[in-house]
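Worksheet: the structure to be examined is printed underneath.
The values are calculated or read from the model by the stated rules, or taken from the named source; none is laboratory data. Keep in mind the model is a prediction, meaning the values are calculated, not measured. Cβ placement follows ideal geometry from the backbone for every residue including glycine, while neighbour counts extend to all protein chains displayed.
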Amino acid sequence: MSKDRVISQTCFSRSQLYRWEKGEQLERKKRVCQVVSETALENAAAVIVTFPQFGGRKGQAYMLYHKLGYIGMRGYDRIKKNVKRLLVQEVAQRKLLPTQEYYEHIRPNKPGEIWGEDFTEVTVESRTFKVAVVRDTYDGYYLGKAVDCRATAALVARPVDQALEEAGKGPEKFLLSDNGSQYISEAHGRLLTSADIVQRRIPACVPQYNGCVEGGMRELKSVFYNVWERRVREGADEGKNLQTRVEAGVHETVTLINDSIPRPSLGGVTPADVHNGRREAKQREIREYCVMESRRNVPPWKRTYWDVLKSGLKLKQMTGRELLIKLAFFCRRPLRRIAKLNQECAG
């Protein structure tokens, strides 16, 4: 058995065990329980309630410095626990704690029942832009998106207008929003009222109640940064201003997420397939393709494993910044790394 395990399982100090290991025959003296005077205990309680941040060491030093009595550090900590208990009892008796508000988390059963709205930030060429979206919480389908330099009520209104234009009406139940100033403004409230949309705000500091949109923002930014670097390399928006280029990148990103990127949670189909009623047909098509591929004869390889990988990656075509961004996704907190990289490297 190791020494550390022995020390952890015994009630003796480390120094005492080391002395026994050297062969010293020393009997451990039993500690005498020190009696604390009434005055010292009362003074300790007064110090604890005056300076509740003090631990045993600092509390003991304070009492000795001001000659309020002597109490051991562990004894001071035990008294502090009892003081906490008394404080909790008094607060409970006076009913000072606010009552917890009940929030029912409703899940949609079909597309079009519940929408969610939020905005996030993307950083490119040392500038940060706000991207506002409206998303169907059932299938994660993006109904609207908008880009601007500042997060305003006008910015968050544009995705709502796009969603109303595409769906023809508002959500059947309600629209989920957080408590941002843009979403509680009078202008946004008038827009939702005019469209007969019921707004429901999530509890403060609990973003998981709008988890579909919050999680979708991470995916949107991950896809956007890859789309952006490819568009820069190909010169797709050459000659246009930066905001117009970001809007084009966000549009392509949303199109990819809606129409091209399948979701395992939706049964391996895209949000557009679910939103447009093509789920079963597309799943049947995928199953047929799986059967066909599993029965197909694979010809022998003509290239090495690494040559095939390099051919698929096409690293020679990527720019240095694009390589760094691709690499960031294999590290911790990739979006923070990419935002920092784009903040530092302009152009």
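This table checks each residue for (1) of a type outside the set (Lys, Arg); (2) surrounded by 10 or more Cβ atoms within 10 Å (Cβ to Cβ); (3) free of Cβ contacts under 8 Å to residues at least 40 places away in the same chain.
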residue: Met292; (1), (2), (3): yes, no, yes
residue: Arg296; (1), (2), (3): no, no, yes
residue: Arg303; (1), (2), (3): no, yes, yes
residue: Ala328; (1), (2), (3): yes, yes, yes
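For every residue, the table says whether it meets (1) farther than 15 Å from Glu121 by Cβ; (2) among the hydrophobic types (A, V, I, L, M, F, W, C); (3) in contact with a strand residue (DSSP E or B) (Cβ under 6 Å, 6 or more places away or on another chain).
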site: Gly215; (1), (2), (3): yes, no, no
site: Arg218; (1), (2), (3): no, no, no
site: Glu229; (1), (2), (3): yes, no, no
site: Glu234; (1), (2), (3): yes, no, no
site: Lys240; (1), (2), (3): yes, no, no
site: Gln243; (1), (2), (3): no, no, no
site: Val250; (1), (2), (3): no, yes, yes
site: Thr253; (1), (2), (3): no, no, no
site: Ser260; (1), (2), (3): yes, no, no
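Within the set of pairs 6 or more residues apart or between chains, which connect a residue that is among the basic types (Lys, Arg) inside region 225-253 to a residue that is assigned to a helix (DSSP H, G or I) with Cβ atoms less than 7 Å apart?
Note: pairs meeting the criteria are Arg231/Gly249; Arg233/Glu322.
With the requirement that a residue be over 16 Å from Val133 (Cα atoms) and not small (Gly, Ala, Ser), what does region 154-173 give you?
Answer for region 154-173, where residues must be over 16 Å from Val133 (Cα atoms) and not small (Gly, Ala, Ser): Lys169, Glu172, Lys173.
Restricting to region 1-41, count the residues that are surrounded by 10 or more Cβ atoms within 10 Å (Cβ to Cβ), at pLDDT 70 or above and closer than 21 Å to Arg78 by Cα.
The total comes to 5.
Can you pull out the residues in region 127-138 that are among the hydroxyl-bearing types (Ser, Thr, Tyr) and not in a loop (DSSP other than H, G, I, E, B)?
Thr128
Within region 162-179, how many residues are in contact (Cβ under 8 Å) with a residue 60 or more places away in the chain and assigned to a loop (DSSP other than H, G, I, E, B)?
3
Are any residues in region 182-196 within 11 Å of Val156 (Cβ to Cβ) and either of a type in the set (S, T, N, Q) or touching a residue at least 60 places away in the same chain (Cβ under 8 Å) (or both), and if so, which ones?
Result: Gln182, Tyr183, Ser185.
The rows are residues; the columns are (1) in a helix (DSSP H, G or I); (2) surrounded by fewer than 16 Cβ atoms within 10 Å (Cβ to Cβ).
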residue: Leu192; (1), (2): yes, no
residue: Val232; (1), (2): yes, no
residue: Lys240; (1), (2): no, yes
residue: Gln243; (1), (2): yes, yes
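Okay, residues lined up against (1) buried (at least 18 other Cβ atoms within 10 Å of the Cβ); (2) in the same structural domain as Ile197 (by TED's automatic domain parsing); (3) aromatic (Phe, Trp, Tyr):
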site	(1), (2), (3)
Glu90	no, no, no
Gln93	no, no, no
Glu121	no, yes, no
Phe129	yes, yes, yes
Arg150	no, yes, no
Arg158	no, yes, no
